[in-house]
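What follows is one structure encoded as structure tokens, with my remarks underneath.
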Amino acid sequence: MRLSTLFFTLISCLFGLVKSFEFQIPIRQPEVTVEDELYSATQQWLQSEAQAMSCAKCISLLQMVKNLAYMSEGMFMATGVRICRRLSQVDTDVCIGVVKEQAPVFRKVIKTMTVSGREGHLLCASVLNSCPYPDIEPHNITFPKAKPDPLPEVYNKKASGRTFSVLHLSDWHVDPEYEPGTEAFCSKPLCCRPAYTDFTNITKPASIWGEYSCDTPITLLESMLQFIPQVAPELSFGILTGDIPPHEVWATLPVLKTQMIHDNSYSMLHRHFDSSDLVNAMLYPSVGNHEAAPTNMFPVKTSQIPIEEERKYLRLHWLYHSLAQSWRGWLTHDTALTIEEDSASYATRPRAGLKLISLNTNFCYNMNWWLYEHPMEKDPNGVLEWLITQLQDSEDRGERVWITGHIAPGDDSCFHDYSNYFHQIVERYSPHVITGQFYGHTHKDEYHVFYRDNNQTAENAISMAYVGPSITPFDYVNPGFRLYHVDAETFEVVDSITFIADLDQADTWITGPNWHVEYTARDAYNSSFAPLHDTTSPLTPAWWHNVSVSMEEDPDVMFDKYWKYRAKSSPYVSECDEECRASVICGIRAGKSEQRCDYDPDVLPGGINNKKRRPIEEPTCGLHLQGATTRYAKQYEQYQEQQQQQER
């Protein structure tokens, strides 16, 4: 079994590492015994080939850690430090930092978990890829009213042919410490910083505009914001689907540090969006998993927050208050209040006849440790119930609705149960009320189709989720953003246009990034399998389903095109063989995450679902701990060779 960075994150988080304990606690014989047992169990688990053995070892390892969590804090910490060092997979500072931030929550949660039951299997399945995914716990969502049949006349309107423009930004990930000329390949997960640079031996100096192994410099953001009015001079409004801070997951505290990144970023956005000479439009943000400090940690109202005064920040009151303040001017005073009260979910009306509902999707995220607390909630913080209320209100008014958020319900990091419950809501209110969904998180340019009655045909396609490309180039994708042309009557997307800058050409840029249209959906995917008969017809869920069919029927053209655009034409896009193609197309048709095909069948005893995750590639967001020289070893070696040739 391959050692994944997510695994090492969890193993580290299981122990309350604190830097001050690193060398001060003497090794006593009982501690050595516990350490050796845990280290041995970890190694056995990593070497397990069969899924049944891998799952059993994972559960056994979690049980050992749960037992350790009841022992003294000092022993817990010291054992964790020594195991961390013995595994030798992650930079010491990163290991210590991420555990110092994540451990208070995980140590609290694991004590409540039924490790040998559903919670343990869910964690081992969804995060560590070791167990089959547990079956979904049946839960039939109830609605205030039945779906109207026939539909009210207001929902029978046809596309008008008149359009307006909407901007989609996602995964901002600004790095205030980015500095040109610093090392792009360092031992930390995030590079291009003076603190992580040996100035006597730089393999690749960071450009002024960004690097593929680093987060977004302010220069790149300013360039993009200045370019947007050139291509969208009469923008109706914009959406920002989450993730403002950088991927510095080991150093998000104190919270003031993360809050200042939010404040400064939104000040920049206000300068551009609120100025009649610049973007000049309203912006409606959503909250991402990196908004929190510590990263990913969004407690529910029933979470058992540590009572210590110095741990009050875990409640995230500071975050919700900060976002409410930063989003003022784009949202009304009353809406800003609901952000603090409803965990950053809100509803607003950007245009007459259209409601925009922004959801905090971190309550379906498998890296949010609070969600594993026993008993696990089916609707954390009542977000789904609140969503139903908003949708019913819109149906009663004859409105259309857009749903925005950070993590798409079809993403493999969204719990199957939550995604299933969400999908029931989409089925009830689609296609007449919900006319679009918009997310981010993956850093890729993607989409998902939702279907009626699990029937994956064009006739039963009922809703579309557009997953927006990231601004950050982190993890070897080009920076990008989207522009939608939207029908003014039905609020359906008529065209989706992706803009990118070719970061591999940064050294040749004279006046700044070469922002340009990468593709338009109408031009790229119009085919005999998915025809568009006129220039104003909407890109319906049925049409997008047929686009996925064209990828199956003509993979060398249609799928390869999608695969290229998915990474925003990055020169480092990986190859995708026949098995990979089938899995990607299956993911496109997975409006709910349980429908994904990146699972291997392997029957296990005990009535557990026989699916095991087989991801196409490592997820980009969450907790990345491997250093750039390891994570991007191939590119690192290439640059080293180039450097050596230049020195000869």
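Please enumerate the residues belonging to the stretch 422-446 that are in a strand (DSSP E or B) and of a type in the set (S, T, Y).
T435, Y439
Find the residue count for the stretch 125-154, including only residues that are in a loop (DSSP other than H, G, I, E, B) and surrounded by 10 or more Cβ atoms within 10 Å (Cβ to Cβ).
Restricting attention to the stretch 125-154, the residues satisfying the condition of being in a loop (DSSP other than H, G, I, E, B) are 127-152.
Imposing the further condition that a residue be surrounded by 10 or more Cβ atoms within 10 Å (Cβ to Cβ) reduces the set to 127-137, 139, 141, 143-144, 147-148, 151-152.
Of the residues in that region, 19 qualify.
Take the stretch 563-582 and flag every residue that is assigned to a loop (DSSP other than H, G, I, E, B) and either in contact with a helix residue (DSSP H, G or I) (Cβ under 9 Å, 6 or more places away or on another chain) or among the charged types (D, E, K, R) (or both).
Passing the criteria: K568, S570, P571, Y572, V573, S574, E575, C576, D577.
Tell me the residue from Y447, Y418 that is surrounded by 23 or more Cβ atoms within 10 Å (Cβ to Cβ), touching an Asp or Glu at 6+ places or on another chain (Cβ under 9 Å) and at pLDDT 95 or above, please.
Criteria check complete, one pass: Y418.
Cβ-Cβ under 6 Å, sequence separation 6+ or interchain: first residue in the stretch 475-495 and within 16 Å of A232 (Cα to Cα) and of a type in the set (F, W, Y), partner part of a strand (DSSP E or B) and modelled with pLDDT of 95 or more. Which pairs?
Pairs that qualify, where the first residue is within 16 Å of A232 (Cα to Cα) and of a type in the set (F, W, Y) and the partner is part of a strand (DSSP E or B) and modelled with pLDDT of 95 or more, are F481/L169; F481/F499; Y484/V166; Y484/V493; Y484/S496.
E179 is checked against (1) in a helix (DSSP H, G or I); (2) in contact with a Lys or Arg (Cβ under 7 Å, 6 or more places away or on another chain); (3) of a type in the set (D, E) and fails just one. What number does that condition carry?
(1)
Across the stretch 300-312, which residue is nearest to G382 (Cα to Cα) among those that are crowded, with 16+ Cβ neighbours inside 10 Å and in contact with an Asp or Glu (Cβ under 9 Å, 6 or more places away or on another chain)?
Across the stretch 300-312, the extreme among qualifying residues is V300.
Suppose we filter the stretch 192-250 for residues that are outside the structural domain of S276 (by TED's automatic domain parsing), farther than 22 Å from T508 by Cα and among the hydrophobic types (A, V, I, L, M, F, W, C); how many remain?
Count: 2.
Just to be sure before I move on: is Q230 among the polar types (S, T, N, Q), in contact with a helix residue (DSSP H, G or I) (Cβ under 6 Å, 6 or more places away or on another chain) and part of a helix (DSSP H, G or I) in the structure I sent?
So Q230 fails the test.
Any idea which of V249, V287, V279 is more than 24 Å from the chain's Cα centre (by Cα), surrounded by 21 or more Cβ atoms within 10 Å (Cβ to Cβ) and not in a helix (DSSP H, G or I)?
Details: V249 fails: more than 24 Å from the chain's Cα centre (by Cα); V287 fails: more than 24 Å from the chain's Cα centre (by Cα).
Within the list V249, V287, V279, the selection yields V279.
Checking Y565 against (1) surrounded by fewer than 20 Cβ atoms within 10 Å (Cβ to Cβ); (2) modelled with pLDDT of 95 or more, only one condition comes out false. Which one?
Unmet for Y565, out of (1) surrounded by fewer than 20 Cβ atoms within 10 Å (Cβ to Cβ); (2) modelled with pLDDT of 95 or more: (1).
If we scan the stretch 166-187, do we find a residue that is surrounded by fewer than 20 Cβ atoms within 10 Å (Cβ to Cβ) and at pLDDT below 95?
The answer is yes; a qualifying residue exists.
Kindly list, by first and then second residue, each pair from a residue in the stretch 339-351 that is farther than 21 Å from A281 by Cβ to a residue that is part of a strand (DSSP E or B) and small (G, A, S), limited to pairs with Cβ atoms under 9 Å and residues at least 6 apart or on different chains.
Partner pairs satisfying both residue conditions: A344/S358; S345/S358.
Filter the stretch 569-619 down to the residues that are hydroxyl-bearing (S, T, Y) and surrounded by 14 or more Cβ atoms within 10 Å (Cβ to Cβ), then identify the one that is modelled with the lowest pLDDT.
Y599
Which residue out of T112, T92 is under 20 Å from I305 (Cβ atoms), of a type in the set (V, I, T), modelled with pLDDT of 75 or more and surrounded by fewer than 23 Cβ atoms within 10 Å (Cβ to Cβ)?
Selected residue: T112, the only one of T112, T92 that is under 20 Å from I305 (Cβ atoms), of a type in the set (V, I, T), modelled with pLDDT of 75 or more and surrounded by fewer than 23 Cβ atoms within 10 Å (Cβ to Cβ).
Return the residue satisfying two criteria in turn: it lies in the stretch 188-202 and is hydrophobic (A, V, I, L, M, F, W, C) and surrounded by fewer than 20 Cβ atoms within 10 Å (Cβ to Cβ), and of such residues it is farthest from P473 (Cα to Cα).
Among those that are hydrophobic (A, V, I, L, M, F, W, C) and surrounded by fewer than 20 Cβ atoms within 10 Å (Cβ to Cβ), it is F199.
Within the stretch 257-276, restricting attention to residues that are in contact with a strand residue (DSSP E or B) (Cβ under 9 Å, 6 or more places away or on another chain) and aliphatic (A, V, I, L, M), which residue is surrounded by the fewest Cβ atoms within 10 Å (Cβ to Cβ)?
M268
The values are calculated or read from the model by the stated rules, or taken from the named source; none is laboratory data. Keep in mind that this is a model prediction, so the values were computed, not measured. A quick note on method: Cβ atoms are made from the backbone with ideal geometry, for glycine too, and the neighbour counts reach across all protein chains shown.
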